[in-house]
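The values are calculated or read from the model by the stated rules, or taken from the named source; none is laboratory data. On a predicted model such as this, the values are computed, not experimentally measured, just so you know. Glycine gets a Cβ as well: all are built from the backbone with ideal geometry, and neighbour counts include every protein chain shown. Note: areas computed on protein heavy atoms with side chains; ligands, DNA, RNA excluded. Shrake-Rupley method; radii C 1.70, N 1.55, O 1.52, S 1.80 Å.
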Amino acid sequence: MTDLRARTDSPEATRALAGALAGVARPGDLVLLVGDLGAGKTTFAQGFAAGLGVGDTVTSPTFTLVRPHPCRHPTIRTLHHADLYRLDHLRDVVELGLGELVEEEAVALVEWGDMAGPVLAPGALRVSLAPGPGGDEERALTVTAEGPAWEDRLGALAGALRPWAGGEG
Amino acid sequence: MTGPVLGIETSCDETAAAVVGEDGAVLSSVVSSQVDLHAAYGGVVPELAGRAHLELLTPVVAEALERAGLAAGGLRAGGTAPVGAVAATVGPGLIGALLVGVAEAKALALAWEVPFVGVNHLEGHCFASLLDHPGIDWPVTVLLVSGGHTLLIAMEGPGRYRLLGQTLDDAAGEAFDKVARFLGLGYPGGPAIEQAASGGDPRAFAFPRALLDDGLDLSFSGLKTSVVTAVRKHPGASNEDVAASFQQAVVDVLVAKTLRAAASGGSRGICLAGGVAANGPLRAAVRAGAEAMGLPAHLPSRAMCTDNAAMVAAAGRWQLEQLGPSPLDLPADPNLGLPLLV
């Protein structure tokens with residue numbers, strides 16, 4: 001596993017970075033968003049969705065757990081935006097059938113997804129967001145390719161992140 | 001159509017069934033948390049899973065029929081139909097949860113040979129005000145605020161809705177829950193924040209009022225982040241002060257937007273709907289604001305604010321009378337939006 005690091009100085013920059021990463025996504029992908037309350041996960045999701053051609057308003061799916069968004073994209077038809085914040089047990093992830101979100105022609109983007117990765121798919125792109133040292137709006141992002149499907153795309157991921165590359169790593 | 005309507009609601013956490021009579025009166029309304037079913041199923045039931053709805057729904061329906069005085073033989077195929085129609089929430093919500101209620105309603109309708117009606121959950125919330133306040137003057141401005149939704153609606157009558165504004169990120173109820181959990185105040189977050197806030201100073205922290213003077217859309221994500229940042233910077237701050245300041249910020253924005261929506265649309269009343277509408281300070285502020293504008297405030301009882309099946313039965317009754325029954329192959333739709341006028 002290799003970590004790529006980036007830094008953004010505003011929610012707009014986080015959205016732009018997420019949109020650039022969406023350009024590397026393929027059908028069947030799983031992206032896990034990790035970070036504390038207020039770290040910018042839904043902001044990231046909004047930018048990622050825009051990058052896949054989602055036209056709907058992307059709001060937090062905390063209560064509905066999963067919200068499918070149709071995409072205007074050559075190969076990806078649906079973005080499944082999920083949020084495991086309210087689930088206390090891995091058992092719930094299994095019982096709710098969330099593994100089915102990782103499917104052909106779709107990309108699954110899962111907030112609070114840190115614990116559930118292995119249950120959902122063999123590989124994932126893990127995006128961790130944390131407050132940066134330079135003020136309330138700054139965020140430090142760590143992007144980790146887990147599994148061969150993502151490790152093969154490290155070059156493309158690094159290219160997408162280049163405008164925001166930074167931090168030690 | 002003759003006979004009462006059975007309503008079923010399983011779109012999110014609550015398993016609920018209710019019966020509304022021919023005159024529109026609520027004959028019974030049962031929500032799973034009111035019934036001591038957890039013990040009967042061996043302890044903790046994962047509330048979020050469709051399986052929990054599956055286990056709870058049949059006894060909840062039986063309880064609703066019995067409380068309405070309709071039990072006798074009614075749950076057997078070929079028996080006398082106890083109701084004139086069965087309505088169920090078909091969306092929006094969690095697909096696995098929705099499917100349980102929709103399948104049950106279709107099966108009962110088929111067995112009893114009565115119409116099935118698929119109801120929109122958001123429309124159901126709009127009907128909740130009508131249950132407590134029949135004879136409303138239209139149009140009214142509806143603020144629908146819950147864990148999953150924050151919408152400002154111009155309601156020109158049953159089935160006639162225009163969307164005025166909505167949240168661009170988090171729902172208001174979600175912000176309550178997340179801030180409550182962050183402060184360690186427990187779940188559900190609405191009552192927990194309200195209780196803590198009652199002993200705090202709402203001016204202790206100047207939390208942001210996003211988009212306050214800008215249109216009718218809302219945003220609560222930045223407020224949540226501000227609370228987290230403030231607590232990290234001031235580890236000694238009292239939970240009561242943080243809760244009170246947070247709640248005040250939410251109420252200020254919701255009330256300002258609602259009153260502006262009402263003023264701009266020739267509204268003849270203001271309705272609250274959804275779980276957050278049970279919040280005391282919000283109810284008081286909306287009541288005061290409406291009074292200052294010379295408008296009536298239609299605030300549903302707290303039981304009709306949170307998810308319930310009486311609102312589904314009421315919306316189902318209206319829908320059946322005006323639009324007819326739904327086909328039995330009507331699918332559940334997790335993304336269903338409010339049906340808007342064009």
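Per residue, the accessible area of segment A:1-147 comes to 38 Å², computed with a 1.4 Å probe over protein heavy atoms only. For chain B, the longest principal axis of the C-alpha atoms and the axis of helix B:280-292 are separated by about 80°.
Hey, any idea what % of the protein assembly as shown's accessible area is carbon plus sulfur with a 1.4 Å probe?
53
Computed with a 1.4 Å probe over protein heavy atoms only, the accessible surface of segment B:138-299 comes to 37 Å² per residue. The count of lysine pairs in the protein assembly as shown with alpha-carbon distances below 23 Å, taking only pairs 8 or more places apart or on different chains, stands at 8. Chain pair B, A: how much accessible area is buried, both chains summed, with a 1.4 Å probe, in Å² to 100? That pair hides around 2400 Å² of surface in total.
With a Förster radius of 51 Å applied to the beta-carbon distance between B:Asp201 and A:Leu90, the computed FRET efficiency rounds to 0.80. Projected label points at A:Asp114 and A:Arg26, each 7 Å from Cα along the beta carbon direction, are separated by 2.9 nanometres. To the nearest ten degrees, helix A:11-22 and the longest principal axis of the Cα atoms of chain A are 60 degrees apart.
Restricting the count to DSSP beta bridges whose residues both fall in chain B, what percent are antiparallel, rounded to a multiple of 5?
Here the share of antiparallel DSSP bridges comes out near 60 percent.
According to the calculation over all Cα-Cα pairs in segment B:138-299, the P(r) per 5 Å bin from zero is 2, 10, 20, 23, 19, 13, 8, 4, 1, 0, 0 %. 3J(HN,Hα) along segment B:306-322: 6, 4, 8, 9, 4, 5, 6, 5, 5, 5, x, 4, 4, 4, 4, 5, 8 Hz, from the Karplus curve 6.51 cos²θ - 1.76 cosθ + 1.60 with θ = phi - 60°, whole Hz, x for Gly and Pro.
Mind listing, in residue-number order, the residues in segment B:90-125 that have at least 50 Å² less accessible area with every protein chain present than in their own chain alone (1.4 Å probe)? For segment B:90-125, once contacts with the other chains are taken into account, B:Leu94 lose 50 Å² or more.
Inter-chain Cβ neighbour count for A:17-27, averaged per residue, equals 0 (cutoff 10 Å, partner chain atoms only). Each residue of segment A:140-155 was assigned a 3J(HN,Hα) from its phi angle through the Karplus expression (A = 6.51, B = -1.76, C = 1.60, θ = phi - 60°), giving 9, 10, 10, 10, 10, 8, 10, x, x, 4, 8, 4, 5, 9, 4, x Hz with x at Gly and Pro.
Along the axis of the charge dipole computed for chain B (Cβ charges of +1 for Lys and Arg, -1 for Asp and Glu, origin at the Cα centre), the listed residues B:Ser238, B:Val276, B:Pro139 are led at the positive end by B:Ser238. Each residue of segment A:30-39 was assigned a 3J(HN,Hα) from its phi angle through the Karplus curve 6.51 cos²θ - 1.76 cosθ + 1.60 (θ = phi - 60°); the sequence is 10, 10, 9, 9, 10, x, 6, 3, x, 6 Hz, with glycine and proline shown as x.
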